[in-house]
Each structure stands twice: as structure tokens, then as C-alpha cells.
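This report concerns only the one structure given below.
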Amino acid sequence: MMNLFLTRAARVSSLTKHNAVAAFNSSRCVHSLPLAATVEAEEISGAKPAEVLNLVQGKWIGSSNWNTILDPLNGEPFIKVAEVEESDIQPFVESLSSCPKHGLHNPFKAPERYLMYGDITTKAAHMLSLPKVTDFFAKLIQRVSPKSYQQAFSEVYVTIKFLENFCGDQVRFLARSFSVPGNHLGQQSHGFRWPYGPVAIITPFNFPLEIPVLQLMGALYMGNKPVLKVDSKVSIVMEQMLRLLHSCGLPVEDVDFINCDGKTMNKLLLEGNPRMTLFTGSSRVAEKLAVDLKGRVKLEDAGFDWKILGPDVHQEDYIAWVCDQDAYACSGQKCSAQSLLIMHENWSKTSLVSKLKELAERRKLSDLTIGPVLTFTTDALLEHTKNLLAIPGSKLLFGGQPLEDHTIPQIYGAIKPTAVYVPLEEIVKDKNYELVTKEIFGPFQVVTDYKNHQLPIVLEALEKMHAHLTAAVVSNDPLFLQEVIGKTVNGTTYAGLRARTTGAPQNHWFGPAGDPRGAGIGTPGAIKLVWSCHREVIYDYGPVSKDWEIPSST
């Protein structure tokens, strides 16, 4: 695999001398590592564990503390991660501090770097799209965050398409400015997109390539210097991607990469004082960071995502399939996963639930269409199911049982795709609401139904939620769509017969709404919002009128 990286690197012809040296040093560094650090994904095992290093100030480094990651499918210790301890963060602090607030580049400083990143992106898009490289990353994702090959491949595909969107001149177009005429001759105001300088990126386990690559490249495009932390369980994916980017000309000093626990990262953020931190993950951690960093954060936190089926019934098989994909693909471990399905009574009279049950029950561990849950144990998932079933009128629609005949370690969860029906009138009761709307990052959803006159109750229940990431309004009735969309707030809302909650591509904004700290991902607008701020420069050259006199004091 790495020979493929290096062969591609040898063909890079348009790098500056500095970048060529950086790419060469990076390639030599990769080549000098033990083979286990860069083997094909299928070769990583307890007998042949991989190693993940850190990158700081342009150098790959190990650590005195190695965290052993268990194979989520069989419990073998198959990856060793060099985790930085609190006492060893000083090089990372110094690296962040070395970047000025005005960034590594901006419209007035080193503008050639916009072009450089266009070239890097062009090479990376081509390289990642090579079938062997695409397959390598898809299988590597499967090894650490088990999902079906198609789901893992789709993650790589979206990353490729994102990179293709920012090839050539597209990076510098992100820094497009505007001008407004002033009050007199020689005066003009100009608005510029300005970097923050030193920044931090913290991303979760469920999309180990797509989320960190899209946010990392956005940060770099705008002129920032990021330190990147990915969940250690999956950080091998971004370690390999960084090596690929180095071979495509990414200067090794432009990005730091740290593996550590949450406490150590929190200390790095407090001492390194990045000007902005992007956090994707749980609401609890997001709120702590917002306080610790005095609001200098952008958040894409958890989402208890809902789907409403309107009164018009169409394409029953298709709707059932989308519901199954939204709730159970990637074992439900998506921040956009369908957590609550709200059916109009017209849908309750169809065979939708039975068809959804059939689709859920065809998922199997052998092809990873269902797999380990990395943030909840089996006992915790079953306990939550039990608690919901204690609500009057609730019933188990399907699932609610552990997976059978597997070797998934007990630290992870392993249950069949599960759906629990809870009556709407019970959901809205204060004593039940928090339990029902608890986000379960796994193959689990709550199902309810409503009558025409109960739509205001549904909307009131949605208003009470605190996380507003994705939503779906499944209807081709324009008046129904108008009513629901106009009285909800989710940042990425799909509307119409084919509406879904998951599967966001790179061509539209993905992120929450209703919170000024909300972060987006994927689009030029998202990059500019998250990774740059507005700076206004007012030019006022004159001339001053020849008959000007000092006026009276005011």
C-alpha cells in the first residue's frame, strides 16, 4: 500500500522546492516505520499489530505511553497508539504558539499558499480515487469502525468528491473579498475572510476519514494551523491519510496530529490557547469545552434526529427501506441516525412497520450491515430498552435482543436492530420526555404515531429538544411541509417523499441550527463560517480638499 503512496509521490512535478523536500522527508519517514504501521488493512491483527504515531513540528514521534486498541470484532489487541500524556504536551503547545493570529496565509500574506493548497488537493483527490487506495481506506475504516463495505466506501467517496470540489483555483475563491464605495473620493471599505491562526480539531470515531479530512482541509485552506485529535480507536485512518497528504505536497509543519485522552487534550487546549476549536461529538463534552474555552468553539454535537411521515401515503416499500437505512446503517452510529420515527395515523394502518422489521432482520454481522456499538455496552442498550417498555402503552416492535454467535468484546455493544413504540401522549409527559429523547448511538429507534389534530403536540415535542442536527419530513403535501418546516429548526432538513436523515453528501451544508456555536461541514459556506472570520479594511487615501480647515471641536 505504501509503495503505491510513494510511487504517486514520485510523480509530483509541480511542487515548490520546500514542498518537495517536505514530501520526500514524509515519504522517508513512512518508509522507515515498521511494516506493521502501514500494512494492508486485512493484515492488522493481534499477531501483527499496527502502530499509530503523533506528528508535531514536522516530526513523527512515539510516546512512553502506548494505548492498546482491541479489535471490535474479536477483542484481540490489534493496534498500539502512542498516546501523549499531560506531562508531554509542551511540543504541541509550542507548535500552536508558533503560528501568529493572522495565520500561515491570508489575502495579504503568502497568497501563493492558496494556489499550493489547490495543487495539493488536486493530487490528493486523484490519489485517493485510485481503486487500490480507495479500497485500502474503505477496508481500514471497516477494521476500526465496523460497517458494511458499501458504507465505508461511501465515506471515502464523499471525501474524494469534497477534494475534487476544491482543486485548482477553488481554494483561493474561498477567500473572495468584497468592496463597498466610501463617503468621499479615495475611500473604500473591503471585507476579507481572515484566518484564526492556531486552531484545534476534535473528531469522533464514527466517520474516521470523512469528518476529519473535510474539517482539516477547510482549516488549512483558510490559512490556519490546526492540531488534530481523532478518537484513538480509529486514529490510524487519519494517520495514514496524513501520510498520503504529505506525499501530495502538504508541508509537514502545517498540521500537528495528537493521540491522547480527553483530559490531556483539554489541558493542551487551555495551555496552547487555539483561537478556535472545532468539536464534533457528544453534547456533554461540547458544553464543557464551550465554558473552558470561553466560547471560542464551533460545535457539531449530538443529534436526536426525527422523521415525520405526513398524511399522504406513497411508495411504502421505498419509505420502509429509507427508514431502515436511516436507523440501522453503520449500526445506527451516525450523528444523523433516525432516532424517532413519527408516523401519521394513515401510515400506522399500512404494513410499514412489518416491512421495516423484515428489512432490519435481514441485517447480519457477517457482512457488517449490523455490528459492534462502540459507545454503549449490550447491557446498557438492553437496560434502555427495558426502561422504555416500562412506559404505559409501550411495546417492542422488533429487536431488543443481543446478537448471537459473535466474538465482539464485552466493552462494546452487540444487539439486534431495535424499535420500541411509545404512545405520543406518553412521550410528551415531563417524566418520560428525557428518557425517550435520550440519544442512543446504536441500532435503536423510538416509533410513535399521531392523528391530524395532534400535529401541534408533535411540533411542541420537537421544540423541546436541545440538539437540532438533521430531520426528515416525508410528504409531498406542500401545506404539510410548510407547516412542519416553518415550526422546526434542524440545520439539515430533508423534505419530500424521498426525505431522509442520513447520507449527507459533500454538495450541501451539514450541521446543526439554532445555536450560534453551530458548525457546518462540506461546502464553501461551511468552510468560511467555521474556519475564517470577517475582517474589514477601510482604505482612505484622500485627497484632502485644498481649502480644508480645522473645524470646531465636537
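The values are calculated or read from the model by the stated rules, or taken from the named source; none is laboratory data. Because the structure is predicted, anything quoted here is derived from the model rather than measured. With ideal geometry, Cβ positions are generated from the backbone for all residues, glycine too; neighbour counts draw on all protein chains shown. Just so you know, the surface numbers come from the protein's heavy atoms only, side chains and all, with ligands and any DNA or RNA stripped out. Shrake-Rupley method; radii C 1.70, N 1.55, O 1.52, S 1.80 Å.
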- Item | Lys/Arg +1, Asp/Glu -1 at C-beta; the chain dipole; positive extreme among 455, 332, 347 | 332
- Straight-line reach from residue 288: which lysines have Cα under 18 Å away, leaving out those fewer than 8 places along the same chain? 229, 263, 267, 298
- Compute the accessible area per residue over the stretch 375-476, keeping the other protein chains in place, probe 1.4 Å, unit Å². 46 Å²
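Under the Kirkwood approximation for Rh and a Cα-based Rg, what ratio Rg/Rh is obtained for the stretch 223-380?
1.08
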- Message: What whole-number distance in Å separates the alpha-carbon centres of the stretch 179-231 and the stretch 396-475?
- Response: 36 Å
- Under unit Cβ charges (Lys, Arg +1; Asp, Glu -1), what dipole magnitude, rounded to 20 debye, does the stretch 250-315 have relative to its Cα centre? 300 debye
- Message: I need the phi-derived Karplus couplings for the stretch 106-116: 6.51 cos²θ - 1.76 cosθ + 1.60, θ = phi - 60°, integer Hz, Gly and Pro marked x.
- Response: 7, x, 9, 9, 6, x, 4, 5, 4, 5, 4
- Would you grab the residues whose amide H sits under 5 Å from the one on residue 511? Only those 5+ places off in sequence or on another chain, please, with H modelled 1.01 Å from N. 492
- Scattering curve values for the stretch 256-323, log₁₀ I(q)/I(0), Debye with Cα scatterers, q = 0.11, 0.12, 0.13, 0.23 Å⁻¹: -0.46, -0.50, -0.53, -1.03
- Under Karplus coefficients 6.51, -1.76 and 1.60, residue-wise ³J(HN,Hα) of the stretch 76-90 in Hz, glycine/proline x: 5, x, 10, 9, 10, 10, 6, 9, 6, 9, 4, 6, 10, 8, 4
- Heavy-atom accessible area per residue, the stretch 119-239, 1.4 Å probe: how many Å²? 29 Å²
- A correct Karplus calculation of ³J(HN,Hα) over the stretch 298-308, with 6.51 cos²θ - 1.76 cosθ + 1.60, θ = phi - 60°, whole Hz and x for Gly and Pro, returns 10, 10, 10, 8, 4, x, 8, 8, 10, 9, 9
- Mind listing the long-range amide H neighbours of residue 305? Cut-off is under 5 Å, sequence gap 5 or more, other chains count too, H placed in the peptide plane at 1.01 Å from N. 339, 340
- Please report, as a whole percent, how much of the solvent-accessible surface of the chain comes from carbon and sulfur atoms (probe radius 1.4 Å). 54 percent
- Query: With charges only on Cβ, +1 for K and R and -1 for D and E, what is the dipole size of the chain about its Cα centre, in debye, rounded to 20?
  - Reply: 980 debye
- Query: If you put +1 on each Lys and Arg Cβ and -1 on each Asp and Glu Cβ, how big is the dipole of the stretch 175-314 around its Cα centre, in Debye rounded to 20?
  - Reply: 340 debye
- Message: Check which residues have an amide H placed less than 5 Å from residue 103's amide H, if you skip close sequence neighbours.
- Response: 197
- Query: Which net charge results when you count Lys and Arg as +1 and Asp and Glu as -1 among the other residues whose beta-carbon is under 11 Å from that of residue 41?
  - Reply: -2
- Checked against the positive end of the charge dipole of the chain (+1 on Cβ of Lys and Arg, -1 on Cβ of Asp and Glu, about the Cα centre), the farthest of 84, 531, 236 is 531
- Note on the structure: With no solvent term and unit scatterers on the alpha-carbon positions of the chain, Debye gives log₁₀ I(q)/I(0) at q = 0.06, 0.09, 0.12 Å⁻¹ of -0.33, -0.70, -1.16
- Considering only the other residues whose Cβ falls under 10 Å of the Cβ of residue 519, what net charge follows from Lys and Arg at +1 and Asp and Glu at -1? -1
- Heavy-atom accessible area per residue of the stretch 488-530, all protein chains kept, 1.4 Å probe, expressed in Å², is 38 Å²
- Positive-end residue of 443, 494, 250, charge dipole of the chain with Cβ unit charges: 250
- Item | Residue range of the chain that is longest and free of trypsin sites (Lys or Arg not before Pro) which are both DSSP loop and sparsely packed (at most 16 other C-beta within 10 Å) | 177-293
- Taking the Cβ of residue 370 as the centre, find all other residues whose Cβ is under 13 Å away and add up their charges (Lys, Arg: +1; Asp, Glu: -1). 0
